[in-house]
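Only one structure is covered here, and it is reproduced in the block below.
The values are calculated or read from the model by the stated rules, or taken from the named source; none is laboratory data. The structure presented is a predicted model; accordingly, all values stated were derived computationally and were not measured. Don't worry about glycine lacking a Cβ; one is built from the backbone with ideal geometry, like all the others, and counts go over all protein chains shown. SASA here: full protein model, heavy atoms, side chains in, ligands and nucleic acids out. Shrake-Rupley method; radii C 1.70, N 1.55, O 1.52, S 1.80 Å.
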Amino acid sequence: MSKSCFYPLVNAVKNYPWGSRTALNQRFHIPNPDDQPQAEVWMGIHPAGVSQVIFQDKTCSLAELITSDKNAMLGKRMVEQFGDLPYLLKLLAAESALSLQVHPQKAQAQAGFQRQQQGSNNPPDYNDDNHKPELVYAVTPFMAMNGFRKPDEIVTHFRRLTVRSLDDAIDQLALHPCAETMQGFFVTLMQLPEDEKQQAIERLVSEAPALYDENLAAFILRLNHYYPHDIGLFAPLFLNCLTLQPGEAMFLSPGTLHAYVQGVAVEVMASSDNVLRAGLTPKRINLTELVACTVFEPVYQETLLMIPESGHGKHHYPVPVADFCFDIYTDVTHFPVHTASAEIVLVIEGRASLQHSGGEVIDLNCGQSAFIPASTGDWTLTLSGRLCRVYG
Ligand SMILES: [Zn+2]
């Protein structure tokens, strides 16, 4: 049995250049005394940012707390299946876009990380040996690119732009739309001669409003504002562009090329930090590894939004992986909750009170989070606002 039913969390804040200086501070009261670009808050045990728990006015690492009694903390099923906390929850505030990226499948991450440990991959592409399926839940309107468009849309967009070195690849994609021609097009684009690439980008930016619809042009111009001359400026032409409204969510399978462009969101993923980049970044691009990890199939725009299962006060967003489950609660009083695995809850609006049947109570304000051990069992939630619950 665990020592406590609810452990308030103290979480690592990640300052990355694309982060917002104001959003996490204003909305979630995350202190920002040095006016840093606050990009992410990490809730979990990933070595790159382990959360601390508060217990009897002292702090200790969540990873250590879990290790101290895995059966009580994680529950039997999570111990057997994963051996540790399998997910990572984040708050994310993008002022400018995150890199255009893909996450590996599990087997690719295991092989890649192992190669690296043996010293044959330097600089490294992998930070751990895990896959990284991810769910993003919008807190504010959230601009994102997710998955390849249908081949005929890609063909139309690039024919309007006319880039000579791409003509053959585009003709092939038009004639035989399949994974092979999609990959051929992508690799040719990524390897465009520098002068031709820059000419095409110039034309893309100056003529976007005339060549493309308003939404597509808005994506191109926003990206250009932060990443002029970057190969990623072509991404809106071949990836689905969408703006999630607050409360909408999407799921990204490993292998899906994507980029988050602007907005505040909650993100939950398998506990991994493996990212292979394709653009919108000053960082190195390893084209071979990127192509090996990318699935060159279209993702249909109408399938992007998740459809939650909604009941009284609760929305459950079903995901096709075992690493995590994700629920949102809104405005409930003494709502019964049963915990049977390691859970993290995070208040994203208003305030919450968690009460255990044994009498223990904690109150959480907006932006505050808590770890709940599997052994906690039954408790009730009183909430004025919105709360995310992640569990196994
Ligand atoms: Zn991602």
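Kindly report the accessible area of the stretch 91-174 per residue (heavy atoms of protein chains, probe 1.4 Å, no ligands, DNA or RNA), in Å².
Details: 3300 Å² over 84 residues.
It amounts to 39 Å² per residue over the stretch 91-174.
Which one of 293, 151, 53 is farthest out on the positive end of the charge dipole of the chain, using unit charges on Cβ (Lys, Arg +1; Asp, Glu -1) and the Cα centre as origin?
53
Can you compute log10 of I(q)/I(0) for the chain with the Debye formula, treating each Cα as one identical point scatterer, at q = 0.14 Å⁻¹?
-1.22
For the chain, with only Lys/Arg (+1) and Asp/Glu (-1) charged at the beta-carbon, what is the dipole magnitude about the Cα centre, in debye rounded to 20?
Working: 27 positive and 42 negative charges, 94 e Å.
It comes to approximately 460 debye.
Of 70/90; 132/283; 150/283; 90/314; 3/314, which ones are farther than 27 Å apart at the Cα? Kindly include the intermediate steps, with their values, before the conclusion.
Values: 70/90 23 Å; 132/283 20 Å; 150/283 29 Å; 90/314 20 Å; 3/314 29 Å.
Beyond 27 Å: 150/283; 3/314.
From the backbone phi of the stretch 144-155, what are the Karplus-calculated ³J(HN,Hα) couplings (6.51 cos²θ - 1.76 cosθ + 1.60, θ = phi - 60°) in whole Hz, Gly and Pro given as x?
The phi angles translate into 8, 10, 8, x, 5, 5, 5, x, 5, 5, 4, 4 Hz.
When Lys and Arg each count +1 and Asp and Glu each count -1, what net charge do the other residues less than 15 Å away from residue 308, Cβ to Cβ, add up to? Intermediate results must be reported in sequence, preceding the final value.
Details: positive: 314, 386, 389; negative: 248, 309, 327.
Here the count lands on 0.
Could you compute the net charge surrounding residue 3? Neighbours are other residues with a C-beta less than 14 Å from the C-beta of residue 3; K and R count +1, D and E count -1. Intermediate values should be presented prior to the final figure.
Values: positive: 58; negative: 57, 64, 69, 360.
Neighbour charge sum, excluding residue 3 itself: -3.
Does anything in the stretch 317-351 have its amide N under 12 Å from the 7 Å Cα→Cβ label point of residue 382, and if so which residues?
Only 332-335 pass the distance filter.
Relative contact order of the stretch 44-140: what whole-number percent is it, with Cα pairs under 8 angstrom and at least 6 residues apart?
Once divided by the residue count of the stretch 44-140, the mean separation gives 18 percent.
Given N residues in the stretch 1-94, what is Rg(Cα) / (2.2 N^0.38 Å)?
Values: Rg = 15.1 Å, N = 94, 2.2 N^0.38 = 12.4 Å.
In units of the 2.2 N^0.38 Å rule of thumb, it is 1.22.
Straight-line reach only, C-alpha to C-alpha below 13 angstrom: list the aspartates and glutamates that residue 76 could link to, leaving out same-chain residues fewer than 8 apart.
Those aspartates and glutamates meeting the cut-off are 84.
Roughly how big is the stretch 309-391's charge dipole about its Cα centre, with Cβ charges of +1 (Lys, Arg) and -1 (Asp, Glu), in debye to the nearest 20? Kindly include the intermediate steps, with their values, before the conclusion.
Values: 4 positive and 9 negative charges, 21 e Å.
With Lys and Arg at +1 and Asp and Glu at -1, about 100 debye.
Which value, in Å³ per residue, describes the convex hull spanned by the Cα atoms of the stretch 309-391?
Values: hull volume 6.7 nm³, N = 83.
Convex hull volume per residue, Cα atoms: 81 Å³.
State in Å² the accessible area per residue of the stretch 296-361; use a 1.4 Å probe, count heavy atoms of protein chains only, and round to the nearest integer. Write down the numbers at each step before the final one.
Values: 3210 Å² over 66 residues.
It amounts to 49 Å² per residue over the stretch 296-361.
Which net charge results when you count Lys and Arg as +1 and Asp and Glu as -1 among the other residues whose beta-carbon is under 14 Å from that of residue 246?
Working: positive: 27, 386; negative: 248, 349.
Once positives and negatives cancel, what remains is 0.
Compute the relative contact order of the chain as a whole-number percentage, counting only Cα pairs closer than 8 Å that sit 6 or more residues apart in sequence.
Details: 904 pairs, mean separation 92.2, N = 392.
Value for the chain: 24 percent.
Using Cα positions and a limit of under 17 Å, work out the aspartates and glutamates in reach of residue 14, with same-chain residues fewer than 8 apart set aside.
34, 35, 40, 95, 267, 273
In whole percent, how big is the carbon plus sulfur part of the accessible area of the stretch 309-391, probe 1.4 Å, protein atoms only?
On the way: 1550 of 3040 Å².
Its accessible area is 51 percent carbon and sulfur atoms.
Relative to the Cα centre, what is the charge dipole magnitude of the stretch 237-359, using +1 at the beta carbon of each Lys and Arg, -1 at the beta carbon of each Asp and Glu, and rounding to the nearest 20 debye?
Details: 5 positive and 12 negative charges, 69 e Å.
Computed about the Cα centre, the dipole is about 340 debye.
Just want to confirm a number: the relative contact order over the stretch 309-391, from Cα pairs under 8 angstrom separated by 6+ residues, in percent.
Working: 202 pairs, mean separation 32.9, N = 83.
Worked out over the stretch 309-391, it gives 40 percent.
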